[in-house]
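Below you'll find the structure, written out as structure tokens, and then a few comments.
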Amino acid sequence: MKYYYHPRCSTCQKAKAFLDAKDLEAHEIDITQKPPSKSELKSMLKYYDGEVRRLFNTSGMQYRELGLKDKLNSMTDKQALELLSKNGMLVKRPFLLFEGGGLVGFKQPEWKKALT
């Protein structure tokens, strides 16, 4: 299990507490230092019906600064994944990949259903 997180993200901290409470071990990766790879992002897309927009941190400052709200519709998935793989601050977090599944963001009922 790979757990991408931002050290100062309170939602990531809640997700980590959830994993700890369930005794689920995950390899922790600081998303600001090492974003998910293109292949990991492609894997996650499978779990979100190919909706690349769901992988973006749409409330993030860099997302707004780059004007991605308007640009995303005209981007190919390949272009979007390239952008995400180079800038972890654009990726919705926490970002969790595990055998047979993946989750972005933290909604406890969704995580509970997927992981227990």
Sort out which residues of segment 99-115 are of a type outside the set (S, T, N, Q) and assigned to a helix (DSSP H, G or I), and write them in order of number.
-> P109, E110, W111, K112, K113, A114, L115
Return the residue satisfying two criteria in turn: it lies in segment 58-116 and is acidic (D, E) and over 17 Å from M44 (Cβ atoms), and of such residues it is modelled with the highest pLDDT.
-> E65
Some residue of segment 10-21 being assigned to a loop (DSSP other than H, G, I, E, B) and loosely packed, with under 15 Cβ neighbours inside 10 Å = no
Evaluate the following for L90: is it more than 23 Å from A17 (Cβ to Cβ), hydrophobic (A, V, I, L, M, F, W, C) and buried (at least 18 other Cβ atoms within 10 Å of the Cβ)?
-> yes
Sole miss for Y63 among (1) surrounded by 14 or more Cβ atoms within 10 Å (Cβ to Cβ); (2) within 12 Å of the chain's Cα centre (by Cα) is condition (2)
Look at E40 and say whether it is closer than 15 Å to L84 by Cβ, surrounded by fewer than 14 Cβ atoms within 10 Å (Cβ to Cβ) and not basic (K, R).
-> no
Can L96 be described as farther than 14 Å from V52 by Cα, outside any loop (DSSP other than H, G, I, E, B), in contact with a strand residue (DSSP E or B) (Cβ under 9 Å, 6 or more places away or on another chain) and of a type in the set (A, V, I, L, M)?
-> yes
Scanning for something of a type outside the set (F, W, Y) and part of a loop (DSSP other than H, G, I, E, B), does segment 38-47 turn up at least one residue?
-> no
Tell me which residues, restricted to segment 22-34, are assigned to a loop (DSSP other than H, G, I, E, B), under 12 Å from L96 (Cα atoms) and within 15 Å of the chain's Cα centre (by Cα).
-> A26, I31
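The values are calculated or read from the model by the stated rules, or taken from the named source; none is laboratory data. Everything numeric here is computed off the predicted structure, so don't read it as measured data. So basically every Cβ, Gly included, is an ideal-geometry build from the backbone, and we count neighbours across all protein chains shown.
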